[in-house]
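Peer 1: The structure is given below, and queries will be raised subsequently.
The values are calculated or read from the model by the stated rules, or taken from the named source; none is laboratory data. Being a predicted model, the structure only gives us computed values, none of them experimental. Backbone-built Cβ (ideal geometry, glycine too); neighbour counts: all protein chains shown. Side chains are part of the model used for accessible areas, which takes the heavy atoms of the whole protein and leaves out ligands, DNA and RNA. Shrake-Rupley method; radii C 1.70, N 1.55, O 1.52, S 1.80 Å.
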Amino acid sequence: DFVITSVCAMDKDYLVGTNQGLKLFDSENKSFSPLYFNNEEITLVFNNQNFIYVGIAQKGLFRVNKTTRNISQIESSRVSDYYYSAQTNNKNKEIFFGTNAGVMRYEISSNKIEIIPANYKRLGGYSGTSTKDSYGTCWFTLEKGILGITKENKLKLIYGESHLNSNLFYTLNSDLNGHLIVGTNKGISILKVNSSGEVIKVDNYQSKEGFL
């Protein structure tokens, strides 16, 4: 038996990260088969254009060429040992990764990763989940807030009791109407944001609304 840690679509099938390597789920046959990194603990799998990006616990980030099947480690990715989520931005020229040491910016053409300069001492570095809103802004949870990167690569921060009912984030999702849906240990916060990444309305749903 294995534990599923991450999933993403690839054509009609699914790439499945597990604690025993990367597997392919055949949608037609409803079966799993080993694919890459057998017996490794996978923390992230992300399919983008001709590459599969795979985070391996304590080893950083790897890239698999889907055409040649060549596997290479992104050397500069060792700035963090755990990669958890990914979002594309700026017409797929960049990928942003949420990690245990902050949010990383990856430039596809140069194959280089660098940390996005945010106030991690204040907000914490662990980023466990992410989403992209209807305007194209990428959002990543941190330990004490949420970091956004707009399509123009401007940084936005959401933090504090006026916006969030808790800093213990479980989920982060978005809809087609410019909302961020934040799941925490104290219920759900729905944040209405605009195209600039500014919060214009907050609705919190907690125990009295039946969300605890």
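Peer 1: Restricting to the range 112-138, what's the tally of residues that are touching a residue at least 60 places away in the same chain (Cβ under 8 Å) and either under 20 Å from Ser166 (Cα atoms) or among the aromatic types (Phe, Trp, Tyr) (or both)?
Peer 2: Result for the range 112-138: 1.
Peer 1: Sort out which residues of the range 77-89 are in contact (Cβ under 8 Å) with a residue 24 or more places away in the chain and surrounded by fewer than 16 Cβ atoms within 10 Å (Cβ to Cβ), and write them in order of number.
Peer 2: Within the range 77-89, just Val79 meets the criteria.
Peer 1: Another one. Looking at (1) buried (at least 16 other Cβ atoms within 10 Å of the Cβ); (2) of a type outside the set (Phe, Trp, Tyr); (3) over 14 Å from Phe97 (Cα atoms); (4) under 16 Å from the mean Cα position of the chain (by Cα), which one does Ser130 not meet, given that it meets all the others?
Peer 2: The failed condition is (3).
Peer 1: Collect the residues in the range 24-59 that are open to solvent by 20 Å² or more (accessible area, probe 1.4 Å) and in a strand (DSSP E or B), keeping them in residue-number order.
Peer 2: Leu24, Phe25, Asp26, Ser31, Phe32, Ser33, Pro34, Leu35, Tyr36, Phe46, Asn47, Phe51, listed by residue number.
Peer 1: Test of understanding: among Thr141, Thr150, which residue is out of contact with any strand residue (DSSP E or B) (no Cβ under 6 Å at 6 or more places or on another chain), open to solvent by less than 20 Å² (accessible area, probe 1.4 Å), more than 20 Å from Asn50 (Cα to Cα) and without any contact (Cβ under 8 Å) to a residue 60 or more places away in the chain?
Peer 2: Just a single option satisfies the conditions, and that option is Thr150.
Peer 1: Any residue in the range 200-207 that is loosely packed, with under 13 Cβ neighbours inside 10 Å, at pLDDT 95 or above and more than 19 Å from the chain's Cα centre (by Cα)?
Peer 2: yes
Peer 1: Could you list, in sequence order, the residues of the range 14-42 that are of a type in the set (D, E, K, R), out of contact with any Leu (no Cβ under 6 Å at 6 or more places or on another chain) and farther than 18 Å from Gly60 by Cβ?
Peer 2: Matches in the range 14-42: Asp26, Glu28, Lys30.
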